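Participant: Encoded as structure tokens, here's the structure I'll be asking about.
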Amino acid sequence: MALIPIPLRSWNTIIPDMAREILTDRLTARMRLRGVYPVLFTLAANNSFLLGWCDSIADAPDGDLSLTPAAASTSGILLDTYVHELAHRLICAVDFDFRARPHTWTFAAMNAVLLRRVEGHIVGSRPRIQSLKLYDVHDEAEENWGWAMQRALDVSAELAPLPISAEECAEKIWRIWFDDRHPSMRAAR
């Protein structure tokens with residue numbers, strides 16, 4: 001994969017120095033990104049607890065991911081927050097219905113693929129896959145959380161090592177979801 005830069009911008013705040021160390025073209029190569037997904041450092045509305053968010057493409061036509069300066073409190077939090085918001089962007093690009101229920105097993109699978117791929121980006125840190133949380137599947141019915149986490153881990157373990165782009169992983173995750181929902185359509189192909 002080509003080295004893709006991560007454009008860093010800010011609005012009513014500064015770009016943390018740590019962002020220039022962590023959000024690099026080496027990171028995009030690890031994740032095997034084809035596209036450019038800029039990061040906008042800004043303050044959260046209403047003093048929100050959010051460290052980051054991913055606006056709809058209508059509200060962020062350049063594909064910006066928004067992070068607060070607080071996301072850069074440690075290199076691990078910055079990396080985890082960026083990967084989480086990027087997973088939203090990638091899944092939204094293939095599943096337009098996704099915004100209604102953003103934290104499902106499909107999102108968690110994309111997040112887990114990226115977390116597996118960024119392993120070793122921060123030298124000496126814990127395994128990034130440990131950053132996957134129940135929060136990442138909380139829009140599933142509560143009785144399905146265990147299944148959803150396991151499904152995300154299984155699918156990500158299969159896809160992460162493949163020599164395909166992160167965007168292609170998002171497409172494959174959507175196809176797996178679709179085939180699970182419509183098994184008769186799979187047989188017709």
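The values are calculated or read from the model by the stated rules, or taken from the named source; none is laboratory data. Bear in mind that the values here come from a model prediction, so they are computed numbers and not experimental data. Backbone-built Cβ (ideal geometry, glycine too); neighbour counts: all protein chains shown.
Participant: Output yes when any residue across the stretch 131-139 is outside any helix (DSSP H, G or I) and touching a helix residue (DSSP H, G or I) at 6+ places or on another chain (Cβ under 7 Å), and no when none is. Break it down into steps so the answer makes sense when it comes.
Facilitator: Step one: filter the stretch 131-139 for residues outside any helix (DSSP H, G or I), giving 132-133, 138-139.
From what's left, touching a helix residue (DSSP H, G or I) at 6+ places or on another chain (Cβ under 7 Å): 132.
Yes, there is a match, as at least one residue in the stretch 131-139 is outside any helix (DSSP H, G or I) and touching a helix residue (DSSP H, G or I) at 6+ places or on another chain (Cβ under 7 Å).
Participant: Any idea which of (1) acidic (Asp, Glu); (2) exposed (fewer than 13 other Cβ atoms within 10 Å of the Cβ); (3) modelled with pLDDT of 90 or more is the one Asp97 doesn't satisfy?
Facilitator: Failing condition for Asp97: (3).
This table checks each residue for (1) touching a residue at least 40 places away in the same chain (Cβ under 8 Å); (2) surrounded by fewer than 21 Cβ atoms within 10 Å (Cβ to Cβ); (3) outside any strand (DSSP E or B).
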{"residue": "Thr28", "(1), (2), (3)": "no, no, yes"}
{"residue": "Leu40", "(1), (2), (3)": "no, yes, no"}
{"residue": "Leu50", "(1), (2), (3)": "no, yes, yes"}
{"residue": "Ala58", "(1), (2), (3)": "no, yes, yes"}
{"residue": "Ala72", "(1), (2), (3)": "yes, no, yes"}
{"residue": "Gly76", "(1), (2), (3)": "yes, yes, yes"}
{"residue": "Tyr82", "(1), (2), (3)": "yes, no, yes"}
{"residue": "Leu90", "(1), (2), (3)": "yes, no, yes"}
{"residue": "Ala108", "(1), (2), (3)": "yes, no, yes"}
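Participant: Being within 16 Å of the chain's Cα centre (by Cα) and small (Gly, Ala, Ser) is the filter here, so list the residues in the stretch 28-59 that pass it.
Facilitator: Those that are within 16 Å of the chain's Cα centre (by Cα) and small (Gly, Ala, Ser): Ala29, Gly35, Gly52, Ser56.
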